[in-house]
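Written out below as structure tokens is the structure these notes cover.
The values are calculated or read from the model by the stated rules, or taken from the named source; none is laboratory data. Computed from a predicted structure; not experimentally measured. Cβ sites come from the backbone with ideal geometry, for glycine too, and all protein chains shown count toward neighbours. Each accessible area value is taken on the protein alone, full model and side chains, heavy atoms only, with ligands, DNA and RNA left out. Shrake-Rupley method; radii C 1.70, N 1.55, O 1.52, S 1.80 Å.
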Amino acid sequence: FHDSSVIPDGAEINSYLFRDTPKRYFFVVEEDNTPLAVTVTPCDAPLEWKLSVQELPEEASGEGSELLEQQKQQITNEEGTELFSYKGNDVEYFVSSSSPSGLYQLDLLSTEKDTHFKVYATTTPESDQPYPELPYDPRIDVTSLGRTTVTLAWKPSPTASLLKQPIQYCIVINKEHNFKSLCAVEAKLGSDDAFMMAPKPGLDFSPFDFAHFGFPSDNNSGKERGFLKSSSKFGRQTSSKPRVDLHKVCVGNKNIFTVSDLKPDTQYYFDMFAVNTNSNMSTAYIGTFARTKEEAKQKTIELKDGKVTDVFIKRKGAKFLRFAPVSSHQKVTFSIHSCLDAVQIQVRRDGKLLLSQNVEGVRQFQLRGKAKAKYLIRLKGSKKGASMLKILATTRPNKQSFPSLPEDTRIKAFDKLRTCSSVTVAWLGTQERNKFCIYKREVDNNYNEEQKKREQNQCLGPDTRKKSEKVLCKYFHSQNIQKAVTTETIRGLQPGKSYLLDVYVIGHGGHSVKYQSKLVKTRKFC
């Protein structure tokens, strides 16, 4: 902190005020018609401040601060001519292109609470330009609004775009109000109780005391520039209380930024500061506020007993379904057919979790029933992509809509039995008598596994295929599961061509499940 009552020319000082204890600073303008700019930045409390000037006594001799120290004692009790006064918490400034010589005094008072502030005074405002300049339109625009994101855009500071000075933009997000200066943000991030521990006026200050005062300490606090650089390390907190409601992020020289991880249906305040990285001095854009969108109301799908329902889930999304059986029941059966990637199913009965599993292909779960029970089903999609599935809930155990499947749903091709016009394949069945239909489709010779993967929607049935692609349909099963295998030779193919083969198993309810597609190739020469 600046502990002298002399303000240096061309350097920003940090200082403090105790409540209801006025403070006075001095600086000298030695020649008439000198330009002058004084900027006062209140940090966490409104200030009352006044700038006045007194003539220098004629017998004064010496230069600059020496002269100031000589004469200060004689005239500190006299009232000078008031040039400017302000009361509030805005960053306010006095600018004059031609000021008289004299001893200038700046009086400050905080009536609200102990606080700190910054002062900058210069007699060369044109060449200094320490504060980044604001563009002609200094507003922050909200360009898009989501449930958890807000995109902000702003016009660049001419200090960066025209003068090519190193400027970075820092965004501050909070839920309470807009901030008028970056030091107000820093004060908010400091401890609320810091001033309780502050030493009283008149006592010596040490860097240790400053740490308790709620601001960073620095061993070179006498050297203005060195101290500025240290104190600018934003977010260095002495308080043990985390301030989760206030965040600051610096985005370099970007002019657009998306703030993420916000809460839905919540009002946020956004402030933007252009910071000169050489001087660490900053200027505030005009802050804005926005309310994030509401969380989409999660619609619950009602399941009907014994009826298949199609469900589509976005990537990483979730769907909720409800099943409320009309009649009393001993058991409930949930049959799920996941068409693409695995999905997660959770079933709760009257709030109690009964089931939580990942499902690939066709799965069936039987749960114990309860009179007047209601079941809530949560289906969570895959991280890889969108999920599609069919689900059936029933209290009638013999109502089986999906066909039963073997554990292995691959189609095996016999390489030695390949000819120029035919291929022979085999696949597994189950102990239950089902109808199997086989389809073929000619594909390019460069058709690969990646393309095959994209066509793996198991829920697309034979009704989506061209009639010309159908090879045959047949029924088969075996009580001995080891022998539930069938083979088929597909004829009438062209030499040296690639074909994609699909087997569909069709259940009693007419619902089909597709086995994994098989890519085969006929011999070119026989």
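How many residues, within region 251-272, are closer than 17 Å to THR159 by Cα and either open to solvent by 40 Å² or more (accessible area, probe 1.4 Å) or part of a strand (DSSP E or B) (or both)? Talk me through it step by step, then tell me what you get.
Just the residues of region 251-272 that are closer than 17 Å to THR159 by Cα, to begin with: 251-255, 272.
Within this subset, residues satisfying the condition of being either open to solvent by 40 Å² or more (accessible area, probe 1.4 Å) or part of a strand (DSSP E or B) (or both) are 253-255, 272.
Selection size over region 251-272: 4.
Based on this model, can you work out whether VAL275 counts as in the same structural domain as GLU176 (by the TED database) and either without any contact (Cβ under 8 Å) to a residue 24 or more places away in the chain or open to solvent by less than 20 Å² (accessible area, probe 1.4 Å) (or both)? Outline the logic, then answer.
On the way: in the same structural domain as GLU176 (by the TED database): yes; either without any contact (Cβ under 8 Å) to a residue 24 or more places away in the chain or open to solvent by less than 20 Å² (accessible area, probe 1.4 Å) (or both): yes.
In short, yes.
Considering only residues that are under 43 Å from the mean Cα position of the chain (by Cα), among the small types (Gly, Ala, Ser) and not in a strand (DSSP E or B), which ones fall in region 1-18?
Within region 1-18, just GLY10 meets the criteria.
In region 314-338, which residues are buried (at least 16 other Cβ atoms within 10 Å of the Cβ), under 32 Å from the mean Cα position of the chain (by Cα) and at pLDDT below 90?
Result: SER338, single match.
Any chance you could count how many residues in region 81-121 are in a strand (DSSP E or B) and closer than 23 Å to PRO46 by Cα? Spell out how you get there, then give the answer.
Initial filter on region 81-121 (in a strand (DSSP E or B)): 81-88, 92-99, 102-109, 115-121.
Checking which are closer than 23 Å to PRO46 by Cα leaves us with 82-88, 92-95, 104-109, 115-121.
The qualifying residues number 24.
Do you know which residues across region 278-322 are part of a loop (DSSP other than H, G, I, E, B) and of a type in the set (A, V, I, L, M, F, W, C)?
Let us first name the residues in region 278-322 that are part of a loop (DSSP other than H, G, I, E, B), namely 278-281, 285, 287, 292-299, 304-308, 314-317.
Of everything in region 278-322, those that are part of a loop (DSSP other than H, G, I, E, B) and of a type in the set (A, V, I, L, M, F, W, C) turn out to be MET281, ALA296, VAL308.
Is one or more of the residues making up region 94-101 in contact with a strand residue (DSSP E or B) (Cβ under 6 Å, 6 or more places away or on another chain) and either over 28 Å from PHE273 (Cβ atoms) or modelled with pLDDT under 85 (or both)? Can you show your working first?
Within region 94-101, the first condition is being in contact with a strand residue (DSSP E or B) (Cβ under 6 Å, 6 or more places away or on another chain), and the residues that meet it are 94-97, 99, 101.
Then drop every residue that is not either over 28 Å from PHE273 (Cβ atoms) or modelled with pLDDT under 85 (or both), which leaves 99, 101.
So far as region 94-101 goes, yes, one or more of its residues are in contact with a strand residue (DSSP E or B) (Cβ under 6 Å, 6 or more places away or on another chain) and either over 28 Å from PHE273 (Cβ atoms) or modelled with pLDDT under 85 (or both).
Residues are listed down the side, and each one gets a yes or a no for (1) outside the structural domain of ASP310 (by the TED database); (2) over 25 Å from LEU389 (Cα atoms); (3) of a type outside the set (Phe, Trp, Tyr):
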| site | (1), (2), (3) |
| --- | --- |
| GLU432 | yes, no, yes |
| PHE436 | yes, no, no |
| TYR475 | yes, yes, no |
| VAL485 | yes, yes, yes |
| ILE490 | yes, yes, yes |
| TYR504 | yes, no, no |
| GLY509 | yes, no, yes |
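Scan region 157-172 and tell me whether some residue there is open to solvent by 20 Å² or more (accessible area, probe 1.4 Å), assigned to a helix (DSSP H, G or I) and touching a Pro at 6+ places or on another chain (Cβ under 7 Å). I'd like the intermediate steps shown before the answer.
Within region 157-172, the subset open to solvent by 20 Å² or more (accessible area, probe 1.4 Å) is 158, 160-166, 168.
When the remaining residues are screened for being assigned to a helix (DSSP H, G or I), the result is 158, 160-161.
Within this subset, residues satisfying the condition of being touching a Pro at 6+ places or on another chain (Cβ under 7 Å) are 158.
Yes, the conditions are met somewhere in region 157-172.
Going residue by residue through region 345-358, is there one that turns out to be open to solvent by less than 90 Å² (accessible area, probe 1.4 Å), in contact with a strand residue (DSSP E or B) (Cβ under 6 Å, 6 or more places away or on another chain), in contact (Cβ under 8 Å) with a residue 40 or more places away in the chain and over 30 Å from GLU176 (Cα atoms)?
No, that holds for no residue.
For ALA393, state whether it is closer than 25 Å to GLY509 by Cβ and outside any loop (DSSP other than H, G, I, E, B). Break it down into steps so the answer makes sense when it comes.
Working: closer than 25 Å to GLY509 by Cβ: yes; outside any loop (DSSP other than H, G, I, E, B): yes.
It is true that ALA393 is closer than 25 Å to GLY509 by Cβ and outside any loop (DSSP other than H, G, I, E, B).
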